[in-house]
Amino acid sequence: MKTYTNTGNKDTRSGFGAGLTELGKKNENVVALCADLTGSLKMDEFKENHPERFFQVGIAEANMIGIAAGMTIGGKIPFTGTFANFSTGRVYDQIRQSVAYSGKNVKICASHAGVTLGEDGATHQILEDIGLMKMLPGMTVINTCDFNQTKAATLAIAEHDGPVYLRFGRPKVANFTPEDQTFEIGKAVQLTEGDDVTIVATGHLVWEALEAAKALHEEGISAEVINIHTIKPLDDKAILDSVAKTGCIVTAEEHNYLGGLGESVARVLAKHNPTPQEFVATNDTFGESGTPAQLMVKYGLDSAAIQKAAKAAIKRK
């Protein structure tokens, strides 16, 4: 079984900051807007290097989206930054009307997603944002798994023409994908090969899926792990090719099972190849205050939950 090495825990939001810094040097059309959370979004270096291209709009997220949409008319590529809750739920009307409806080239970059926001609690932890954004026509939805992939995705979306929702997080997590990777929007990454069960995971759950696969391997269960970094457009082929071999699947995400990756995968399976599927996600609930590690365990979003789901899926074959 192929194994992966954690080169050191890093927060994915810092991957966004590193990518934005690099973009600032190579693309003069890239501009950045922030809603009073420059430090939290790791946008400080871009601000220092390109003050003429950085716009602090204050706690006025709806205004930020409107300004960003307008900037695209002049050929700019705006990257907006705030917490995922405020990037989507608070400004959904503005995103729908000013960005998605007219296909504006705005990159909506959202940190502190999911329960791993931690102690700030349910009011700041959004678990429905992927569903909100993937339902908007023309919106690309990306959820990266580690520092390196987040940096690569940040660079890639600047080259993509059209609105993008880029979701990442606050806590330090395993950094295991290649530093020199090329990020291809809509192309899943197969991490391990297996014959007994397919595990497709996104975001922070990708490393947990690899840990689960390692534990399953020790029990004689062969798990194929696929990193679904792009939820829309979804890589249908990668999913269907895998389940044709394994005959069952687990979807794992730090999001409500309603509206997230799991439902997108279920649609593909229902249309092309009905297959036993188990969901690792939050169960139609809000989060609460706690450490990220505590919350991942309580809400069943860790490697142990993925192992359990994999065994359940295999039994249903």
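Listing for the model above:
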quantity: Flag if T150 is hydroxyl-bearing (S, T, Y) and over 12 Å from the mean Cα position of the chain (by Cα); calculated: no
quantity: Residue list for the range 60-90, restricted to those being outside any helix (DSSP H, G or I), touching a strand residue (DSSP E or B) at 6+ places or on another chain (Cβ under 9 Å) and either surrounded by fewer than 24 Cβ atoms within 10 Å (Cβ to Cβ) or of a type in the set (F, W, Y) (or both); calculated: K76, I77, F79, F83, R90
quantity: Complete set of residues in the range 262-287 that are surrounded by 19 or more Cβ atoms within 10 Å (Cβ to Cβ) and of a type in the set (G, A, S); calculated: G262, S264, A281, G287
quantity: Flag for D44 being acidic (D, E) and either free of Cβ contacts under 8 Å to residues at least 40 places away in the same chain or surrounded by fewer than 16 Cβ atoms within 10 Å (Cβ to Cβ) (or both); calculated: yes
quantity: Which numbered condition I314 misses (of (1) within 21 Å of the chain's Cα centre (by Cα); (2) touching a residue at least 60 places away in the same chain (Cβ under 8 Å); (3) assigned to a helix (DSSP H, G or I)); calculated: (1)
quantity: Members of the range 272-283 found to be within 19 Å of the chain's Cα centre (by Cα) and either more than 10 Å from V115 (Cβ to Cβ) or without any contact (Cβ under 8 Å) to a residue 12 or more places away in the chain (or both), listed by number; calculated: F279, V280, A281, N283
quantity: Odd one out for N49 among (1) crowded, with 17+ Cβ neighbours inside 10 Å; (2) touching a Gly at 6+ places or on another chain (Cβ under 6 Å); calculated: (1)
quantity: From V297, V265, residue being more than 16 Å from E208 (Cβ to Cβ), assigned to a helix (DSSP H, G or I) and not charged (D, E, K, R); calculated: V265
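We did not get these values from a lab; they are worked out from the coordinates using the rules stated. Quick caveat: nothing in here was measured; it's all calculated off a predicted structure. A quick note on method: Cβ atoms are made from the backbone with ideal geometry, for glycine too, and the neighbour counts reach across all protein chains shown.
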